[in-house]
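Take a look at the structure below.
The values are calculated or read from the model by the stated rules, or taken from the named source; none is laboratory data. The structure presented is a predicted model; accordingly, all values stated were derived computationally and were not measured. Here the Cβ is made from the backbone with ideal geometry for all residues, glycine too, and neighbour counts use every protein chain on show. We work out accessible area using only protein heavy atoms, side chains counted, and drop any ligands, DNA or RNA first. Shrake-Rupley method; radii C 1.70, N 1.55, O 1.52, S 1.80 Å.
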Amino acid sequence: MEEMYVRNLVEITKGTLLCGREDQRVEDIETDSRKVKEGDLFVPLLGEKQDGHQYLESALHQCSVAFTMEHQQAESYMQQSGKSVIAVPDTLKAMQQVARQIRQWNPLPIIGVTGSVGKTTTREMIYTALACEKRTFQTIKNYNSQVGVPLTMAKLSRKDEVAVLEMGMSQPGEMERLADMIRPNAAVVTCIGVAHIENLKTQERICDEKLKIATYMGEEDVMFLNGDDPILYARRDSIPQPIVWYGTSDFCDYRATHIRMEGAQTVFEMITPTESFEVRLQAMGEHNVRNALVAVAVAERYGVSAKKAAEALYTFQGQRQKIVHTSRFTMIDDTYNASPDSMRAALRVLRDMPCKGKRIAVLADMLELGEDEVEYHRQVGNYVKEYGIDYLIAYGELSAHILLAAGIEGFHATSIEEIEKQLEMVAEPEDVVLLKGSNGMKLSEVTKFFQ
């Protein structure tokens, strides 16, 4: 944070300075007491399992400033610490108020990225396309939530020329609060899937919440929308901002044609409003073609030529769908998370990847899908069958429905160890193995076992 002092925090939050100095400078925000350092503002959060206030005393040994909601029980050690402590009604809201002020002080253009699937990869691609010519800031780690966005925004600098921030939500109202902090000048919506449908009930409601990313955008700002998503396309007349469409549909402003795999590269023809040219990606899959399209569209909006942005994307590797070559087989590690849409995209990658042996899918349960979770797993089984996968290992109670619907040779595992043993039995050096499931299923342990 630049030029932020304790007196500013008191004014922003309408808090009360219990002890310490108003002229103490604040350089960063931290919610983990184990990571705080001199110059940090420590924010103790009240969670479902833990109350961060129990670590306030230890944090004050390291940080410079802290918020508190429980100062009456802590006055003795606060006074002894010699640090600045500010009483606020709600520490999370106070941290978000600070993030909002940081945004007001920093007028750089910000691109907000949301959607049910592909937020992180899309954000990283946009960053890559912009960073070839501009000093670009992007979301720290996966800090895209009510807590994560303030932590990210605390690291914004006035030296940055443009920022790309990921915006995630799972409950009604969350997107509007994020939009209030970020105030994006452009918004990207990747797709409307069924992630978090347990909380929002229908895809239409998910779409309504995602589109609240535009709540604080001006009429001159721009929405970049996936033209291949029918739910987004159906909302076109209700969006006041100009829309730039990207995808494979004929009406898209940035369109891909002749998509193909050449070795481990994805190749396609990109058509922009003014030119067309070939693009090569080291990232696989049609979903990454769409990510590249919007990355180029956003970059061109902010002054980077389309061709230069596309050339920069050739270097993109990304954090998802890592190709791991082991002595036993080639592995596509896509264990970060899973939904029906991302499962389908990953299975397409497995289908299209060059392979002299068998194509093997290891698919674990998809979590938080609500009352229709069984039907969603059956859909994935149909994708497995449609894409000609040779062998399926299903892991978890719900994944049994994937195996049943797929109707192919396979195995139902009830533990990580069973997956590992089964792969040792059936996988051969020329095979390609896809690992995909929700984070909670811990399929990444299988990747570690074979590396």
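Computed values, structure above
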| quantity | calculated |
| --- | --- |
| Positions within region 117-155 being among the small types (G, A, S), at pLDDT below 95 and either within 17 Å of T315 (Cα to Cα) or touching a strand residue (DSSP E or B) at 6+ places or on another chain (Cβ under 8 Å) (or both), in sequence order | none |
| Condition broken by K212, with the remaining ones in (1) at pLDDT below 95; (2) more than 18 Å from A292 (Cα to Cα) satisfied | (1) |
| Residue in region 219-242 that is without any contact (Cβ under 8 Å) to a residue 40 or more places away in the chain, under 18 Å from the mean Cα position of the chain (by Cα) and open to solvent by 20 Å² or more (accessible area, probe 1.4 Å) present | no |
| Residues within region 371-390 that are under 16 Å from R348 (Cα atoms) and surrounded by fewer than 21 Cβ atoms within 10 Å (Cβ to Cβ), tallied | 7 |
| Positions within region 253-279 being in contact with a helix residue (DSSP H, G or I) (Cβ under 8 Å, 6 or more places away or on another chain) and surrounded by 12 or more Cβ atoms within 10 Å (Cβ to Cβ), in sequence order | D253, Y254, R255, A256, I259, M261, T266, F268, M270, T272, F277, V279 |
| Boolean, V296 is among the β-branched types (V, I, T) and either at pLDDT below 95 or assigned to a strand (DSSP E or B) (or both) | no |
| Residues satisfying the stated conditions in region 115-126, i.e. open to solvent by less than 10 Å² (accessible area, probe 1.4 Å) and either more than 9 Å from the chain's Cα centre (by Cα) or within 19 Å of L369 (Cβ to Cβ) (or both) | G115, M125, I126 |
| Among the candidates I213, I192, residue that is farther than 25 Å from P107 by Cα, buried (at least 24 other Cβ atoms within 10 Å of the Cβ), β-branched (V, I, T) and under 15 Å from the mean Cα position of the chain (by Cα) | I192 |
| Considering residues of region 1-59 that are of a type in the set (D, E) and in a loop (DSSP other than H, G, I, E, B) only, the residue nearest to S157 (Cα to Cα) | E2 |
| In region 425-437, the residues that are surrounded by fewer than 23 Cβ atoms within 10 Å (Cβ to Cβ), in contact with a strand residue (DSSP E or B) (Cβ under 7 Å, 6 or more places away or on another chain) and not β-branched (V, I, T) | D431 |
| Some residue of region 244-256 being within 17 Å of Y314 (Cα to Cα), part of a strand (DSSP E or B), hydroxyl-bearing (S, T, Y) and modelled with pLDDT of 95 or more | no |
| Selected residue (criterion: surrounded by the fewest Cβ atoms within 10 Å (Cβ to Cβ)) from residues of region 299-308 that are under 20 Å from L108 (Cα atoms) and hydrophobic (A, V, I, L, M, F, W, C) | V304 |
| In region 17-49, the residues that are open to solvent by less than 80 Å² (accessible area, probe 1.4 Å) and farther than 20 Å from L151 by Cα | L17, L18, C19, G20 |
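For (1) aromatic (F, W, Y); (2) closer than 18 Å to V446 by Cα; (3) open to solvent by 60 Å² or more (accessible area, probe 1.4 Å), each residue gets a yes or a no:
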{"residue": "S327", "(1), (2), (3)": "no, yes, yes"}
{"residue": "I332", "(1), (2), (3)": "no, yes, no"}
{"residue": "P340", "(1), (2), (3)": "no, no, no"}
{"residue": "M343", "(1), (2), (3)": "no, yes, no"}
{"residue": "L350", "(1), (2), (3)": "no, yes, no"}
{"residue": "A361", "(1), (2), (3)": "no, yes, no"}
{"residue": "A364", "(1), (2), (3)": "no, yes, no"}
